[in-house]
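Read the structure below first, then the notes.
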Amino acid sequence: MKTALLSDVHANLEALLAVLRVARERGVDRMLCLGDVVGYGGSPNECLDAIRKLCPMVLLGNHDSAASGGGELARFNPNAKSAALWTAKVLTPEHRDYLRALPLTRHLDPYYYVHASPAAPRDWEYIFDRFDAEPQFQFFTEHACFIGHTHQPAIFERTSTGCESLPPTTLRFDPLYRYIVNVGSVGQPRDRDPRACFVLLEEPAGSIEFVRVPYDIEAAQEKIRAASLPPVLAARLAAGE
């Protein structure tokens, strides 16, 4: 079975459609979303329409929560807050209720899924490096945990001697080790590669592949401008940061 793991779409319909096209071309059997379908971008309802139709599992992200009435706005920077307030205004009531009902975590054997961190899913912690990752392994028992949130693809491998950071390319899980995998961002990558990112998980091989997908960045930027969202949100798409 091939599973496409998506996260941090952030209302970027152009990036999402490009990823969905490549996923179909790669013969994906199912798609799972690790949260933050909305926020920053100009197509929140359109992205939710697509994700709801295609993903049997969708998790709650901090921007999803903020846009649907959660208390995260107090922790957002001015640009993120502006985007969340605009998103809250334009979301359909049905989509708002859908976001409010999303779970924070899911277990689908043999893996664990959460938007931010297994230790404190609702605190929206960031796992940037192996030092952040190492204590997280005590908060799940599964072979691997898949996350998003930082917008930076990453692999953290826990061995008998400690936690190491591996390059986010292609990997077959070692049955003796455990893993935390950040699947990157579909709609707003922050690793200086502006292409959309998702992970292709193949079972029973237990292998992952990070897939980068070019998309129409200018069209996505224009929607941000048309919504009168902060200009920096459009600039970041081209910079990949």
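The values are calculated or read from the model by the stated rules, or taken from the named source; none is laboratory data. The model shown is predicted, which means the values in this text are computed figures rather than measured ones. Neighbour counts are summed over all protein chains in view; Cβ atoms, including those assigned to glycine, are modelled from backbone coordinates with ideal geometry. Each accessible area value is taken on the protein alone, full model and side chains, heavy atoms only, with ligands, DNA and RNA left out. Shrake-Rupley method; radii C 1.70, N 1.55, O 1.52, S 1.80 Å.
Table for the structure above
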| item | result |
| --- | --- |
| Residue in the stretch 176-186 that is closer than 13 Å to Pro153 by Cα, β-branched (Val, Ile, Thr) and out of contact with any helix residue (DSSP H, G or I) (no Cβ under 7 Å at 6 or more places or on another chain) present | yes |
| Within the stretch 145-193, tally of residues that are within 15 Å of the chain's Cα centre (by Cα) and without any contact (Cβ under 8 Å) to a residue 12 or more places away in the chain | 0 |
| Identity of the residue in the stretch 98-123, more than 16 Å from the chain's Cα centre (by Cα) and part of a loop (DSSP other than H, G, I, E, B), that ends up nearest to Asn45 (Cα to Cα) | Ala101 |
| Pairs, first aromatic (Phe, Trp, Tyr) in the stretch 75-104, second crowded, with 16+ Cβ neighbours inside 10 Å and at pLDDT 95 or above, C-beta under 8 Å, six or more apart | Phe76/Ala66; Phe76/Ala84; Trp86/Ala227; Trp86/Leu229; Tyr98/Leu48 |
| Every residue from the stretch 74-83 that is out of contact with any Gly (no Cβ under 8 Å at 6 or more places or on another chain) and either under 24 Å from Ile217 (Cα atoms) or surrounded by 16 or more Cβ atoms within 10 Å (Cβ to Cβ) (or both) | Phe76, Asn77, Pro78, Asn79, Lys81, Ser82 |
| The stretch 224-241, residues that are within 22 Å of Gly184 (Cα to Cα) and either buried (at least 18 other Cβ atoms within 10 Å of the Cβ) or in contact with a Cys (Cβ under 9 Å, 6 or more places away or on another chain) (or both) | Ile224, Leu233, Ala234, Arg236, Leu237 |
| Residue within the stretch 196-207 that is hydroxyl-bearing (Ser, Thr, Tyr), surrounded by 20 or more Cβ atoms within 10 Å (Cβ to Cβ), at pLDDT 95 or above and touching a strand residue (DSSP E or B) at 6+ places or on another chain (Cβ under 6 Å) present | no |
| Pair list, Cβ under 8 Å, 6 or more apart: the stretch 199-220 residue at positive phi, other residue open to solvent by 30 Å² or more (accessible area, probe 1.4 Å) and assigned to a loop (DSSP other than H, G, I, E, B) | Gly206/His143; Gly206/Pro175 |
| Hey, Ala227 under 25 Å from Leu60 (Cα atoms) and touching a helix residue (DSSP H, G or I) at 6+ places or on another chain (Cβ under 7 Å) or not | yes |
| Cβ-Cβ under 8 Å pairs, at least 6 apart or on other chains, the stretch 227-241 side under 14 Å from Ala11 (Cβ atoms) and assigned to a helix (DSSP H, G or I), far side at pLDDT 95 or above and among the hydroxyl-bearing types (Ser, Thr, Tyr) | Leu233/Tyr40 |
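For (1) modelled with pLDDT under 95; (2) touching a Leu at 6+ places or on another chain (Cβ under 8 Å); (3) surrounded by fewer than 20 Cβ atoms within 10 Å (Cβ to Cβ), each residue gets a yes or a no:
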position: Lys89; (1), (2), (3): no, no, yes
position: His95; (1), (2), (3): no, yes, no
position: Val114; (1), (2), (3): no, yes, no
position: Phe131; (1), (2), (3): no, no, yes
position: Ala144; (1), (2), (3): no, no, no
position: Ile155; (1), (2), (3): no, yes, no
position: Phe173; (1), (2), (3): no, no, no
position: Tyr177; (1), (2), (3): no, no, yes
position: Arg192; (1), (2), (3): no, no, yes
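Yes or no, residue by residue, for (1) open to solvent by 10 Å² or more (accessible area, probe 1.4 Å); (2) under 14 Å from the mean Cα position of the chain (by Cα); (3) not acidic (Asp, Glu):
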site	(1), (2), (3)
Glu14	yes, no, no
Ala18	no, no, yes
Val22	yes, no, yes
Glu25	yes, no, no
Val37	no, yes, yes
Asn45	yes, no, yes
Lys53	yes, no, yes
Gly61	no, yes, yes
Asp64	no, yes, no
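Listed here are the residues, each with its yes/no results for (1) under 16 Å from Cys197 (Cα atoms); (2) of a type outside the set (Lys, Arg); (3) not in a strand (DSSP E or B).
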position	(1), (2), (3)
Arg21	yes, no, yes
Gly27	no, yes, yes
Gly42	no, yes, yes
Glu46	no, yes, yes
Asn79	no, yes, yes
Arg96	no, no, yes
